[in-house]
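Dumping the structure here so I can ask a few things about it.
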Amino acid sequence: MDMKTSPLALLKDPTLLKTDALINGEWVKGSSRFDVLDPATGQKLADVANLGPADAEKAIAAANAAWAGWKGKTAKERSIILRKWYDLLMANQDDLGRIMTAEQGKPLAEAKGEVTYGASFVEWFAEEAKRVNGETLPQFDNNRRLMVLKQPIGVCAAITPWNFPLAMITRKVAPALAAGCPVIIKPAELTPLTALAAAELAIRAGIPAGVLNMITADASNSIAVGKVICASDVVRHISFTGSTEVGRILMAQSAPTVKKMSLELGGNAPFIVFNDADIDSAVEGAFASKYRNAGQTCVCSNRLYVQEGVYDEFVAKFAAKVKTAKVGNGFEDGVNQGPLIEEAALEKVQRHVDDAKAKGGRVLVGGNRLSGQFFEPTVVADATADMLCAKEETFGPFAPVFKFKTEQEAVDAANNTEFGLASYFYSRDIGRIYRVAEALEYGMVGINVGILATEHVPFGGVKQSGLGREGSHHGMDDYVEIKYLCLGDIQK
Ligand SMILES: O=CCCC(=O)O
């Protein structure tokens with residue numbers, strides 16, 4: 001790594017650049033290291049501790065040992081520590097954003113936006129820590145009293161993706177910590193530096209040794225570490241964001257120990273524009289939803305369905321908007337689309353675009369790879385149901401636009417997938433808004449909006465898009481066990 005040319009040389013606080021893993025409050029070098037690269041330049045940014053199964057066992061033991069002390073704190077004590085972590089994340093927004101852009105590629109303004117978004121989960125659950133309320137129930141016999149307690153589930157593991165290197169950690173870890181659970185985090189091997197900086201800030205905030213552990217590992221060790229986590233009887237909950245394929249594997253591996261699982265898996269989001277929509281607003285919404293993070297979010301619209309009466313107008317305006325997008329290194333001013341994360345991602349986008357072209361799609365914008373890991377923002381009209389992009393999540397900057405005639409046709413096409421995470425539609429007709437919102441088989445529906453996530457709403461999917469909800473007061477549910485108390489002999 002050449003620190004003179006590295007974007008990380010400009011950190012205001014260079015001590016946030018951590019490259020070792022964290023177990024029981026100690027930074028651990030590991031017996032080998034793996035490289036973290038800048039996807040915009042290919043430059044090496046750092047080498048990071050490559051831990052394995054034995055280290056994972058140590059982290060699980062450390063978390064288990066720290067559990068009693070952490071759950072023994074009052075909710076308010078945990079809340080104060082979480083609030084301090086939130087303050088530190090926000091105070092270091094510039095550095096965290098810089099680290100994120102360097103290793104993930106998203107434009108700096110978007111990266112700083114993710115710091116605000118990620119920190120907001122810590123702030124939210126700092127407050128929710130004080131609202132884990134139990135219940136008293138009417139007795140079925142006057143000699144008894146009935147109560148419900150909510151208790152922390154135990155050691156939790158968070159396995160997190162590269163597309164939101166901070167927010168997907170805080171959305172899982174903040175409710176776990178708030179509920180009184182210790183955690184083991186396995187961040188994505190492509191983006192461990194943001195995660196490690198956040199862990200350093202957690203220590204500075206006063207999170208005790210063993211309560212927050214971070215296992216960094218390369219791709220092959222990550223699989224081995226995942227197996228240890230799934231097989232452990234001590235780990236009582238796994239939260240994972242990533243592909244449906246990996247989610248299924250984690251579920252299968254966790255079956256013998258019957259763990260609770262929160263899974264936020266693949267999507268194939270439809271974005272429907274009806275004849276009665278405000279077309280300019282729909283164009284803005286589609287652009288924001290499709291090209292955010294270069295199309296690499298699980299809620300990015302994957303398939304645009306436009307009704308025949310407004311198809312030509314929408315397509316012309318949308319293509320014109322997409323042509324204004326500036327592609328480049330996320331540190332350059334005005335860039336709104338950075339590189340894709342890796343070669344395999346570029347290949348998938350190109351495969352989907354080529355398949356659409358071969359099946360009659362009309363390329364209106366882009367369609368090709370640029371040099372390095374960049375891909376042109378792409379729009380293809382006349383998309384059809386037999387194209388790969390109709391069935392698979394592209395996870396890149398490619399928008400296929402399908403034409404439909406009737407409301408029912410659009411709803412059927414939208415629901416014709418095993419996925420059910422986010423969906424979007426544009427209409428000004430109140431009857432249609434209720435009909436379509438109720439008919440879409442999705443966990444989240446954006447109506448006349450292209451962006452819908454924030455910390456106090458329940459984020460999650462149905463069907464093979466996952467289990468559970470993150471964020472909002474529901475986001476605490478998976479981290480507590482419900483215990484029923486039946487107290488007798490009251491009249492003695
Ligand atoms: O990619 C998954 C998370 C997307 C979001 O939180 O908006």
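We did not get these values from a lab; they are worked out from the coordinates using the rules stated. Note that the structure is predicted; figures quoted are calculated from it, not measured. Here the Cβ positions follow ideal geometry from the backbone for every residue, glycine too, while neighbour counts run over all protein chains shown.
Once you keep just the Cα pairs under 8 angstrom separated by 6 or more residues, what percentage relative contact order results for the range 205-290?
Relative contact order for the range 205-290 comes out at 24 percent.
In whole angstrom, how far apart do the alpha carbon centroids of the range 45-78 and the range 255-291 sit?
The range 45-78 and the range 255-291 have Cα centres spaced 34 Å from each other.
Could you list 404, 121 so that the one with the fewest beta carbons within 10 Å of its beta carbon is first and the one with the most is last?
404, 121
So for 74, 297, 160, fewest C-beta neighbours within 10 Å to most, what's the order?
Exposure proxy ranking, most exposed first: 74, 297, 160.
Do any of 150/227; 58/259; 106/357; 18/58; 290/348; 84/227 go past 25 Å between their Cα atoms, and which?
150/227; 106/357; 84/227
Along Cα→Cβ, 7 Å out, is where each label goes; now give me the distance between the ones at residue 47 and residue 491 in nm to one decimal.
7.6 nm
Let me make sure I get this right: for the range 326-414, a, b and c are the square roots of the gyration tensor eigenvalues over alpha carbons, sorted descending. Under 1.5 in a/c it's rounded, otherwise prolate if a/b > b/c, else oblate. Which is it?
In terms of gyration-tensor shape, prolate.
Using only the Cα atoms of the chain, build the gyration tensor, take square roots of its eigenvalues as a ≥ b ≥ c, and label the shape rounded, prolate or oblate: rounded if a/c is under 1.5, else prolate if a/b is larger than b/c, else oblate.
oblate
Quick one: if the Förster radius is 45 Å, what FRET efficiency do residue 368 and residue 57 give, using the C-beta to C-beta distance and rounding to 0.05?
Efficiency computed from Cβ-Cβ geometry: 0.40.
Oh, and also: Is any residue of the range 299-333 close enough, with backbone N under 12 Å, to a label point placed 7 angstrom from the Cα of residue 275 along the Cα-Cβ axis, and if so, which?
307-311
Another question about this same structure. From the phi of every residue in the range 461-470, what ³J(HN,Hα) in whole Hz does the Karplus formula 6.51 cos²θ - 1.76 cosθ + 1.60 yield, where θ is phi - 60° and glycine or proline is x?
x, 10, 6, 8, 8, x, 9, x, 10, 10
Which one of 8, 450, 378 is farthest out on the positive end of the charge dipole of the chain, using unit charges on Cβ (Lys, Arg +1; Asp, Glu -1) and the Cα centre as origin?
8
Here is a further query. Taking the alpha-carbon centroid of each part, what is the distance from the range 204-251 to the range 386-419 in angstrom?
One Cα centre to the other: 33 Å.
Taking every DSSP beta bridge with both residues inside the range 345-492, roughly what % is antiparallel (nearest 5)?
Taking every DSSP beta bridge with both residues in the range 345-492, the antiparallel ones total about 40 percent.
Something else now. Sequence gap at least 6, Cα distance under 8 Å: using those rules, report the relative contact order of the chain to the nearest whole percent.
18 percent
Per the helix-only calculation at 222 nm, which mean residue ellipticity applies to the chain, given -39500 (n - 2.57) for every DSSP H run of n ≥ 4 and division by its residues, nearest 500 deg cm²/dmol?
After summing the helix terms and dividing by residue count, I get -12000 deg cm²/dmol.
Count the DSSP beta bridges whose two residues both fall in the chain, then state the antiparallel fraction as a percent rounded to the nearest 5.
Here the antiparallel bridges make up roughly 40 percent for the chain.
Using θ = phi - 60° and the Karplus form 6.51 cos²θ - 1.76 cosθ + 1.60, what ³J(HN,Hα) does each residue of the range 41-54 get, whole Hz, x for Gly and Pro?
10, x, 5, 6, 9, 5, 10, 10, 4, 9, 8, x, x, 5
Among 112, 259, what is the fewest-to-most ranking by other Cβ atoms within 10 Å?
Ascending number of Cβ neighbours within 10 Å: 112, 259.
What's the center-to-center distance, using Cα atoms, between the range 442-487 and the range 308-326 in Å?
The range 442-487 and the range 308-326 have Cα centres spaced 34 Å from each other.
Run the simple label-point estimate for residue 136 and residue 316 please: 7 Å along Cα→C-beta, distance reported in nm.
Distance between the two pseudo-spin positions: 6.9 nm.
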